[in-house]
Amino acid sequence: MKIRFPSALLFILALFAPLRAADFTMEVTDRGYLDTQGFSVILYHSTFSRMFFDQKNTAMEMILHGRRIATNGDVRLLPTPEQWDAIPQLKSRNADRANRRLTADAGYPEYDFHYRLEVAAEPGGVRVAVILEKPLPERLAGRAGFNLEFLPAIYAGKAYMVDGRTAGFFPLSPRDPAVSVPPPPGEPPKLPYQEEWDREKGYRQPLPFATGQSITLGVDEPLYRVRVVSETGPLSLYDGRVMAQNGWFVLRTLLPSGKTGEVVVWHIRPDVIPGWVRPPMIAHSQAGYHPDYAKVAILELDPKFQGPKTAKVLRLGEDCAYQTVYEGPVSAPQPWLRYAYSKFDFSTVKEPGLYAIEYAGQRTSLFRIARDVYSNTWQLTLSGYLATAMDHVSVREGYRLWHGVSHLDDARQAPPNRQHFDGWSMGPELDSPYKPGEHIPGLNVGGWYDAGDFDIQTRSQFMVIQDLALARREFRLDYDQLTVDWEARSVEMHRPDGVPDVLQQIKHGVLQVLAQIKAVGHTFPVINEPTLRQYTHLGDGASKTDNRIYDPKLGPNEVRGDYSGRPDDRWAFTTKSAAMQYGSVAALAAAAQALRGYDDEQARECLETATRIWNEEHANPTPSRPGPGAGAPGGAQLDEWNAAIQLLLATNGAEPYRKRLLEMFPSMMQRFGFGGWAAVHALPYMDAEFRKQFEASLRAYVAQLDKELAATPFGVPPTRGGWGGSAGVMDLGIRMYFLHKAFPEIVSKDYTLRAANYILGTHPVSSLSYVSGVGTRSHLIAYGNNRADQSYIPGGVIPGYVVIQPDYPECMDDFGFLWFTHEYVITAASHWILAANAADALVR
């Protein structure tokens, strides 16, 4: 919406208009970015992904008053590029401290187009320039422009002003027109799935909703108000959500033709509040604390914050009045990444009740002190989130249908030599009796949607089955709130059927694993969508395909019974590998133990199949070759190790598996924290010498682990890389629980309890629980398959914070479209079921 205002109204708006930017000075930090108190500019501390392409976390980025408000500042070839559109390649970057300037050399080699980005400090902000040594290639005229993307969670519904005269509001929902702009002839070739994607979208591009030489964003938002002035071509403001729900607002200036030197120049003026300091964040468990165990909150502080030396614990009485029950010291702040961290230990507070922590004017949400604080933290995950992820069935909750029966048309044989999206590929060998494109019968049973999308990633199925089987063996888990009817392909929540939900979930996973083996002779990496158009589907999984088997003899819209002429059936990427073979053995052997007494026939089939595959793999090992099914380096060894342990347990100590464990033991003890520790499950079947050597490895491991954990404020493994680290934290909690049970004199309970409290809120950035719907406050906007609704799935577990390089921890609570911090994954769910029960068992 754009409005031209009469003078009286302009006067009122002027009250909210950008203040004249203070002439603050920015410096290049030791970590190589421009910074002043309250405002930072980062340039290419990370790059566009070669696998996932555009992840909204690279090029030029701006952090204003503690929020990353803008990203992806670079030359792009579309007004609002989507994830799989062309991305620039970074050649080099430099931080010039003397001249307070950042530079990056980048380009599009496929177009023989190269340029330099320069971001330089100037009074009150930064000057951004795109510099060309050679004129823009003719075929990129009208296409290449400098883009900077702004976060919709901040600006949607807020005001903007163009050239100081025309004002409007960022749309809450995308509504701007789009046009079709087919690519010119002679374009560089793309991967087949990218070509299909462009064609199926109709080559759409949105039109701008504002254009001028200066644009102020967030006129009515003092914390995030920014003015951008172009010295060269006009600025245009686009809504990237016209193309996709995960789009951002994009500010763009086209590069001119026939010119060299500084072809685009912007001046960016944020309204930095003088002396701004980020308020303290009090990280604590949203579920609460057991009376008899440690209670430690972590205070995340701005390095310039000068706060009190004590914090308080308040108790809420039945009369709604708060009473201070404890006031104690906070530890000296210790720097870590961008912030500093202090600890507040209130373990002396033991009386059950409702409490809050107060520090420097900040008060937390309420939490409990009670003996059952962990007892009810996992059920939503097992019978809520994991139920909604069940494929090939419908899932109902009261009046709500989470999804109908999905993927009845699974699956077609993927073609050879196919480079697919998300890193999947099919090599020259199909390892399958089926021809490319041919229907593989029997795959439309069991399994779970892997994550925020709808594919079946088989290694994830293995992990979930093993986690649930272990949870059943260790903690029993007789919880029953699901009715599952496989013949009717129906699941209903909050309707007990007399069978523990954990057993039904294990069976559901096993159905898919056995189906793959029966269909092609082995398990394989993935069943995935054939096109990006389907892959990006949000909503009901049942509507992603027509649920009819593709028949090439039928016309595109022709239907004949259970067959149709629409080739929308998912593809099976049937590569065989040793890692997948042993992974299936471990999953089936674990399931066999759990299913005995519930479904003895399936338990027998699981163990017989696992034993057969083990014997076949040892008699005729699957040749090693690269590909997504091969697993990580050394992965096949770890999978064989897990398979041997599970078979040992399932056969009550059979000698072949005991012998193989002894053979592998020395090398796996070198990888104690990466799978070797699992030998703790085998100890009842091994001799005293084995236990002695295992104990020696454990002692060395704990000593090294303690050094690593002491380097972080939270006492758990920090996030490393581009995906949030909650899974690694839960893995620590699970691992140390079993090691504590076997060696309580070496491993304390603290590791497992710290891990659980971390997931429940004691982590960086904010104190929201990473388990949606669990705890007083939790992440309720997440990357599930319902993310288009800005909503959540109860019991889903998000990855948690990542570090926007070089030092900015981020996990937004109002924007769920960043998969690396917010995507639900089934393996995180099963890990949490184990980790939460482990914590509960320890305190009980």
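The values are calculated or read from the model by the stated rules, or taken from the named source; none is laboratory data. Bear in mind that the values here come from a model prediction, so they are computed numbers and not experimental data. Glycine gets a Cβ as well: all are built from the backbone with ideal geometry, and neighbour counts include every protein chain shown. Ligands, DNA and RNA are stripped out before the accessible areas are found, and what is left, the full protein with its side chains, is counted by its heavy atoms. Shrake-Rupley method; radii C 1.70, N 1.55, O 1.52, S 1.80 Å.
Odds and ends about this structure:
- As a rough guide to protection, the peptides 181-194, 579-592 ranked by mean Cβ packing within 10 Å, highest first, stand as 579-592, 181-194.
- Packing, taken as the mean count of other beta carbons within 10 Å per residue, orders the peptides 448-455, 682-689, 385-392 from highest to lowest as 385-392, 448-455, 682-689.
- Computed with the Debye formula from one identical point scatterer per Cα of the chain, without solvent, the log10 of I(q)/I(0) at q = 0.05 Å⁻¹ comes to -0.30.
- The largest-to-smallest principal axis extents of the Cα set in the stretch 427-487 are 45, 26, 24 Å.
- With 5 Å bins beginning at zero, the pair-distance distribution over Cα atoms of the stretch 469-619 amounts to 2, 8, 13, 15, 16, 15, 14, 10, 5, 1, 0 %.
- Sparse packing (at most 16 other Cβ atoms within 10 Å of the Cβ) combined with a DSSP loop state is found for none of the chymotrypsin sites (Phe, Trp or Tyr not before Pro) in the stretch 337-378.
- Förster radius 45 Å - calculated FRET efficiency between ILE131 and GLU608, Cβ distance, rounded to 0.05: 0.10
- Alpha-carbon Rg/Rh ratio, for the stretch 148-235, with Rh computed the Kirkwood way: 1.09
- Of all accessible heavy-atom area on the chain, the percent that carbon and sulfur account for (1.4 Å): 52
- Ordering of 544-556, 614-626, 54-66, 504-516 by burial proxy (mean other Cβ atoms within 10 Å per residue, highest first): 504-516, 54-66, 544-556, 614-626
- For the stretch 289-381: Kirkwood Rh in Å [reciprocal of mean 1/r, alpha carbons]: 14.4
- Taking a quarter of the surface of the Cα convex hull of the stretch 19-104 gives a mean projected area of 6.9 nm².
- For the stretch 617-716, a/c is not less than 1.5, where a ≥ b ≥ c are the root eigenvalues of the C-alpha gyration tensor, and a/b does not top b/c. That puts it in the oblate class.
- Here the alpha carbons of the stretch 333-437 define both size measures, Rg and Dmax, at 25.6, 68 Å.
- Over the stretch 371-517, the reciprocal of the mean inverse Cα-Cα separation, the Kirkwood hydrodynamic radius, stands at 16.6 Å.
- Signed unit charges on C-beta, dipole axis of the chain, positive-most listed residue ALA839, SER624, GLY398: ALA839
- Distance from the stretch 242-311 to the stretch 646-701 (C-alpha centre basis), Å: 46
- Antiparallel %, DSSP beta bridges [both residues in the chain], to 5: 95
- Per DSSP, loop trypsin sites (Lys or Arg not before Pro) in the stretch 266-330 with at most 16 further Cβ within 10 Å: LYS304, LYS309
- For the stretch 780-844: rounded, prolate or oblate by the Cα gyration tensor [a/c cutoff 1.5]: oblate
- Computed from backbone phi, the HN-Hα couplings of the stretch 248-265 come to 10, 6, 10, 9, 8, 10, 5, 7, x, 7, x, 10, 10, x, 7, 8, 9, 9 Hz, rounded to whole numbers (Karplus: 6.51 cos²θ - 1.76 cosθ + 1.60, θ = phi - 60°; Gly and Pro given as x).
- Along each principal axis, Cα extent of the stretch 486-553, largest first, Å: 45, 33, 23
- Average accessible surface for the chain: 38 Å² per residue, computed with a 1.4 Å probe over protein heavy atoms with every protein chain in place.
- Positive minus negative residues near LEU760 (Lys, Arg vs Asp, Glu; Cβ under 13 Å): +3
- Isotropic mean projected area of the C-alpha convex hull, the stretch 449-521 (nm²): 5.8
- Efficiency of FRET from Cβ geometry, ALA711 and ARG204, R₀ 56 Å, rounded to 0.05: 0.70
- P(r) tail fraction, the stretch 726-815 - alpha-carbon pairs more than 16 Å apart, %: 58
- Debye log10 I(q)/I(0) for the stretch 104-154, one point scatterer per Cα, at q = 0.14, 0.29, 0.33 Å⁻¹: -0.49, -1.19, -1.33
- Loop-located GluC sites (Glu not before Pro) across the stretch 736-844 with a Cβ neighbour count of 11 or fewer within 10 Å are GLU745, with loop assigned by DSSP.
- Measure of compaction for the stretch 206-326 (Cα Rg per 2.2 N^0.38 Å): 1.78
- When the square roots of the Cα gyration tensor eigenvalues are ordered a ≥ b ≥ c, the ratio a/c for the stretch 74-186 is 1.5 or more and a/b does not exceed b/c, which makes its shape oblate.
- Between the amide H of VAL264 and those of VAL130, distances stay under 5 Å, these residues lying 5 or more places away or on another chain, with hydrogens modeled in the peptide plane.
- From its DSSP helices (H runs of at least four residues, each -39,500 (n - 2.57)), the chain gives a residue-normalised ellipticity at 222 nm of -8000 deg cm²/dmol.
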